[in-house]
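Shown next, in structure tokens, is the structure this report addresses.
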Number of protein chains: 2
Amino acid sequence: MTDDTTTTIDRPAPGVLPGAQTLPGANEDDPRRFTLSALTGDSRVTPNDELDAWLAERTEANRFEVSIGPISELAGWRIDPERGDLSHESGRFFSIEGLRVQVDERRWAQPIINQPEIGILGILVKEFDGVLHCLMQAKMEPGNVNTIQLSPTVQATHSNYTGVHGGRPTRYVEFFRAPRAGRVLVDTLQSEQGSWFLHKRNRNIVVETEEDVPGHEDFRWLTFGQIRRLLTADNVVNMDSRTVLSCVPFAAPPSDAAAAGADRGADGDGYRAALCRSMLGAPGRHTDDEVLSLLTEARIRQRLVQRTIPLDEVEHWRRSYEEITHEDGRYFRIVGAEVTATNREVASWSQPLLDPHATGVSAFLVRPIDGVLHILMQARTEAGSLAGAELAPTVQCIPGNYKGRPAPPYLTEVLAAPAERIRHDSIQSEEGGRFYRAQNRYMIVEAPAGFAPRDVPEDFVWITVDQAMGLLRHGNYLNVQARSLVAALPTTW
Amino acid sequence: MTDDTTTTIDRPAPGVLPGAQTLPGANEDDPRRFTLSALTGDSRVTPNDELDAWLAERTEANRFEVSIGPISELAGWRIDPERGDLSHESGRFFSIEGLRVQVDERRWAQPIINQPEIGILGILVKEFDGVLHCLMQAKMEPGNVNTIQLSPTVQATHSNYTGVHGGRPTRYVEFFRAPRAGRVLVDTLQSEQGSWFLHKRNRNIVVETEEDVPGHEDFRWLTFGQIRRLLTADNVVNMDSRTVLSCVPFAAPPSDAAAAGADRGADGDGYRAALCRSMLGAPGRHTDDEVLSLLTEARIRQRLVQRTIPLDEVEHWRRSYEEITHEDGRYFRIVGAEVTATNREVASWSQPLLDPHATGVSAFLVRPIDGVLHILMQARTEAGSLAGAELAPTVQCIPGNYKGRPAPPYLTEVLAAPAERIRHDSIQSEEGGRFYRAQNRYMIVEAPAGFAPRDVPEDFVWITVDQAMGLLRHGNYLNVQARSLVAALPTTW
């Protein structure tokens with residue numbers, strides 16, 4: 001244990017912190033306990049050197065082969081002869097279908113993953129030595145660039161945990177299904193990639209237990225501080241972990257501990273103080289209800305009409321024996337994967353994967369306004385959005401798509417930012433169970449001093465960190481890329 | 001003006017009233033101003049006798065003929081020869097399609113109204129003599145039992161207000177479309193009847209103006225108190241008004257004014273005091289996050305899968321030249337309506353209407369728990385729900401469907417309640433623009449003294465009035481029937 005565990009953490013007055021109010025089954029002390037854990041960078045239960053060795057060892061131990069092959073030869077999957085849709089013979093899991101979309105005046109059609117199930121992304125937490133620890137899993141997914149990443153305690157589709165596989169039951173799932181013994185600290189339905197999934201949501205849930213929990217070689221107890229360190233590395237903490245972490249309502253760290261956690265020179269202090277004020281619920285540029293109203297306005301303006309259609313009716317896309325692909329090779333393709341694993345619920349399987357054609361960039365532009373850190377969010381409607389526009393990062397795009405065309409707002413500012421204004425910069429993977437080597441560069445970048453907060457385009461809005469936390473108590477307000485960046489915020493404390 | 005306008009209204013301490021926090025563009029004084037208006041039972045601007053005369057006169061003045069005829073002869077509408085879907089030739093407005101539904105283990109198919117547009121339900125408010133007044137419209141709808149009902153200032157589909165009709169522009173719509181001059185006091189997307197509509201939402205919005213507003217014979221300025229009186233009558237305040245009113249965050253009335261507004265004898269005082277505590281944000285049986293978690297749990301348990309299908313593939317339903325109907329005559333039928341009106345955007349038109357086969361009952365069972373009034377809500381998933389289960393009234397059903405079968409929970413208790421426990425009882429219409437003479441009996445009933453709050457079935461949850469108000473800042477938490485009952489709560493003050 002480090003000295004951090006003895007730090008006193010400032011508690012805001014009750015009612016000051018809407019984003020960190022009493023949680024389901026929880027008590028008002030929980031935000032402080034989350035932050036205490038986030039400031040605890042090492043642990044007696046899983047010391048850091050053991051943690052790193054374990055991750056390496058698990059990667060080694062899990063022989064895992066993925067071979068990409070034709071979609072037409074995937075065992076257990078069939079292509080509908082009339083529609084061209086690709087689906088599992090059981091009718092469960094997911095299917096690849098066509099979607100006709102209208103967003104305001106833009107109209108297009110595209111393939112989309114249809115998985116009308118709500119999965120569980122659950123982190124089990126327990127106190128050791130007075131500090132909350134998360135039970136994290138070294139989990140391999142066929143689409144991962146590096147086989148093993150750190151995943152929640154349970155990361156399971158409804159088909160998984162109800163045993164449609166006919167495989168092993170999902171370990172620890174009993175802590176997350178009602179009736180359960182533990183205290184629910186976080187519980188909310190959150191969206192996934194709207195460009196690739198139709199109406200997909202998962203239950204993001206954190207449960208605290210006081211029971212003895214049986215161990216397993218694929219699982220380790222880590223503090224939020226240990227996970228915070230791993231979030232600064234590329235491709236270690238998987239998407240499913242990041243989205244659950246984004247919903248955890250941390251209290252603001254004490255300013256001295258925040259200062260100790262980063263040493264970036266003089267102007268860094270201004271950032272940290274502004275971040276703490278932003279977490280403490282200081283008034284922002286807009287009231288909470290103004291933010292909701294701006295999002296409502298965007299949902300009206302970006303009018304969304306969706307209709308599933310046969311895959312073979314999707315214009316500009318081709319289905320061959322091998323793959324489903326855009327005629328110009330843009331966006332993504334759908335390929336087949338034959339997977340052989342040793343520690344999944346079943347030892348080998350076949351499935352389609354969505355292979356995006358390039359790496360994207362997702363970035364928050366942040367700046368203090370009246371001394372309070374604000375994040376510039378963009379209301380953005382995607383093909384498969386359930387409820388219309390959600391708040392997305394300031395920049396969310398694949399830069400390669402804009403060669404010879406005007407770049408989207410703020411892309412240039414973000415990519416050209418000098419190092420001292422870059423607070424977070426990492427490459428992270430999207431869900432390796434559906435996407436093949438899908439990566440994004442995630443950045444948190446301070447806006448330059450002269451940046452005028454008023455001069456933002458329609459559909460952009462400045463919100464505080466506390467407002468983001470308040471919105472994350474509900475689903476379909478922050479999209480999954482924005483949530484990955486919210487999860488990265490503690491790396492900038 | 002009555003003496004009520006001079007009443008001093010208790011202000012809760014800031015932060016005590018999450019349901020009535022500062023609203024978009026609004027200030028923290030607004031809940032008090034709403035309540036002041038709700039306690040103002042008459043107005044110099046539109047005195048009550050003039051109001052009643054105006055409603056009668058408008059009904060008389062608006063010659064309006066509706067003749068029900070075959071769906072196959074509706075001018076401007078077509079039946080798709082391959083699918084059987086009934087839709088407008090323009091591709092706009094709405095269509096009647098088939099929907100295949102699974103909710104947990106229940107599976108069925110049914111016709112459904114598909115209208116992928118977000119309409120505006122907007123009430124313009126303005127202060128006269130220091131009291132907020134609502135600009136309300138005497139509006140005829142083809143499905144109304146009584147031609148004219150009181151509707152919001154603007155009640156328009158996207159097709160309406162963008163002029164697809166080719167008719168007159170929607171009056172006063174400029175107050176509700178961005179950029180607008182007034183202050184936005186309420187702004188949220190709310191669902192409509194999930195059993196009849198696929199994913200339908202409308203923007204519920206209240207805007208305050210200080211401008212001069214041109215008058216019109218179909219519109220009058222009314223206090224919330226005048227509307228409160230009309231809500232006790234049958235079929236006067238239409239559904240669209242009721243849903244907007246449900247989103248208005250009233251402050252608790254002063255207890256003496258509440259007592260003056262109802263005179264039900266000794267035990268009535270207990271009700272009123274408990275209601276005021278409930279509005280003031282006194283702690284309830286569950287925390288806000290527990291309520292959200294219980295709803296999340298219900299959304300998982302009541303797993304919803306939807307797929308639109310051709311109408312002609314819907315089992316147990318028949319499409320004839322005349323109508324679309326269930327083979328046993330249950331649920332509803334779709335008929336054609338030829339409408340001739342004098343003061344709508346267009347003078348005559350044809351459209352399908354949904355004709356429910358019987359009158360339903362929607363009721364809140366309420367009771368004090370530790371001195372704080374609680375409402376018993378039911379998490380309920382309907383065929384066309386967008387986000388899964390929403391909170392519905394304790395009872396929401398068509399009693400006629402249960403002849404010879406066990407009644408749904410609490411139906412018997414509600415229908416057999418003695419008069420002294422019935423706090424509200426009225427017949428109200430559902431949206432007359434889509435439904436033909438659809439009516440429900442709306443009741444607010446006190447549970448008997450011996451009623452044990454713990455003994456409620458799975459998916460039922462007790463919430464306070466303040467929690468209901470907090471949930472109504474967001475969409476898809478309270479269904480439209482529950483919102484009609486929330487709108488009726490001020491009649492019990």
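Miscellaneous remarks
- Partner chain coverage, peptide B:79-86 - average Cβ within 10 angstrom: 0
- Three-way shape call for the stretch A:19-133 based on the alpha-carbon gyration tensor, with the a/c threshold at 1.5: oblate
- Normalised by the number of residues in the stretch A:160-219, the mean separation of alpha-carbon contacts (under 8 Å, six or more apart) gives a relative contact order of 27 percent.
- 13 Å beta-carbon shell around B:ARG83, net charge (K/R +1, D/E -1): -3
- For B:LYS139, the lysines whose Cα comes closer than 21 Å to its Cα, not counting residues fewer than 8 places off in the same chain, are B:LYS126.
- Here B:GLU28 yields copy-to-copy label distances, from shortest upward, of 1.6 nm, the label point defined as 7 Å from Cα along Cα to C-beta.
- Furthest towards positive pole of dipole, B:LEU391, A:GLY388, B:VAL465, structure part the protein assembly as shown, Cβ charges: A:GLY388
- Global form of chain A, assessed from the alpha-carbon gyration tensor, a/c cut-off 1.5: oblate
- For B:ILE369, label point 7 Å along C-beta direction: distances to other copies, nm: 3.9
- Counting, for every residue in B:292-301, the Cβ atoms of other protein chains within 10 Å of its Cβ and taking the mean gives 6.
- Tensor-based shape of the stretch B:361-493 (alpha-carbon gyration tensor, a/c under 1.5 rounded, otherwise prolate or oblate): rounded
- Relative packing of peptides A:71-82, A:450-461, B:149-160, A:203-214 - highest average C-beta neighbours within 10 Å first: B:149-160, A:203-214, A:71-82, A:450-461
- Other residues within the sphere of radius under 13 Å centred on the Cβ of A:GLU315, judged by their own Cβ, net out at 0 (K and R +1, D and E -1).
- To the nearest 10, the accessible area of A:TRP108 is 70 Å² with a 1.4 Å probe.
- For the peptides B:295-305, B:475-485, the ranking by mean Cβ contacts within 10 Å, running from highest to lowest, is B:475-485, B:295-305.
- Förster radius 56 Å - calculated FRET efficiency between B:ALA178 and A:ARG180 (Cβ-Cβ, nearest 0.05): 0.80
- With its label point put 7 Å out from Cα toward Cβ, A:ILE427 sits 7.0 nm from the same residue's point in the other copies, in order from shortest.
- With only Cα atoms counted, the stretch A:163-247 has Rg and Dmax values of 14.8, 41 Å.
- For the pair B:ILE427 and B:ASP52, label points projected 7 Å from Cα toward Cβ lie 2.0 nm apart.
The values are calculated or read from the model by the stated rules, or taken from the named source; none is laboratory data. Small disclaimer: the values here were computed from a predicted structure and weren't measured. Quick reminder, even Gly has a Cβ in these numbers, built from the backbone with ideal geometry, and neighbours come from all protein chains shown. Quick note on the areas: whole protein, heavy atoms, side chains included, nothing else; ligands and nucleic acids left out. Shrake-Rupley method; radii C 1.70, N 1.55, O 1.52, S 1.80 Å.
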